[in-house]
């Protein structure tokens, strides 16, 4: 019985993932661009609060740090659904063609960001401002790696 429940959960998860991918491909390119830009904006705004704490520009507040880190970690999973083939243009986008021509590298950058944001949550929960500062730096590096490879400069 337990094994069949596990199998059912795995099948459901695969089905949901496939449904999300199909939904992203069925949206207009402009809608995908708006969605991913909105997700990146949420991530950036919340990360900015953490960066200000890490730099001493804002008082350290553990509860605030945890809230912001959890939001960043959640948001790190959202924008990548908004890059299906066909969403290379449609609105003003800074995404480079390499997003679609080198999907393995793009996926690797995505996974690194998600790994670093998970560590960011743990650093925030530690209550140690030094640990938070260190992880803010590591997370910022994961962000900039993707920006360097896949985002057009202003």
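The values are calculated or read from the model by the stated rules, or taken from the named source; none is laboratory data. This structure is a prediction, so every number in the text was calculated from the model and none was measured. Please note: Cβ atoms are built from the backbone with ideal geometry, for glycine as well, and neighbour counts cover all protein chains shown.
Can you give me the number of residues within the stretch 23-57 that are surrounded by fewer than 15 Cβ atoms within 10 Å (Cβ to Cβ) and either at positive phi or not in a helix (DSSP H, G or I) (or both)?
Residues flagged as surrounded by fewer than 15 Cβ atoms within 10 Å (Cβ to Cβ) and either at positive phi or not in a helix (DSSP H, G or I) (or both) within the stretch 23-57 amount to 4.
With respect to residue 141, is the statement that it is exposed (fewer than 15 other Cβ atoms within 10 Å of the Cβ), within 17 Å of residue 47 (Cα to Cα) and either in contact with a helix residue (DSSP H, G or I) (Cβ under 9 Å, 6 or more places away or on another chain) or modelled with pLDDT under 95 (or both) true? If you could, list the steps in order and put the result at the bottom.
Values: exposed (fewer than 15 other Cβ atoms within 10 Å of the Cβ): yes; within 17 Å of residue 47 (Cα to Cα): yes; either in contact with a helix residue (DSSP H, G or I) (Cβ under 9 Å, 6 or more places away or on another chain) or modelled with pLDDT under 95 (or both): yes.
Here the answer is yes, as residue 141 does meet what is asked.
Just one of the numbered conditions (1) at pLDDT below 95; (2) surrounded by 14 or more Cβ atoms within 10 Å (Cβ to Cβ); (3) within 17 Å of residue 147 (Cβ to Cβ) is not true of residue 75; which one?
Looking at each condition in turn, residue 75 falls short on (1).
I need a count of the residues in the stretch 63-79 that are assigned to a helix (DSSP H, G or I), within 8 Å of the chain's Cα centre (by Cα) and more than 10 Å from residue 121 (Cβ to Cβ).
Result for the stretch 63-79: 2.
Return the pair list, or none, for Cβ contacts closer than 6 Å from residues in the stretch 123-134 that are under 18 Å from residue 46 (Cβ atoms) to residues that are modelled with pLDDT of 95 or more and assigned to a loop (DSSP other than H, G, I, E, B), at least 6 apart or on different chains.
129/60
Considering only residues that are under 15 Å from residue 130 (Cα atoms) and surrounded by fewer than 16 Cβ atoms within 10 Å (Cβ to Cβ), which ones fall in the stretch 61-72?
61, 62
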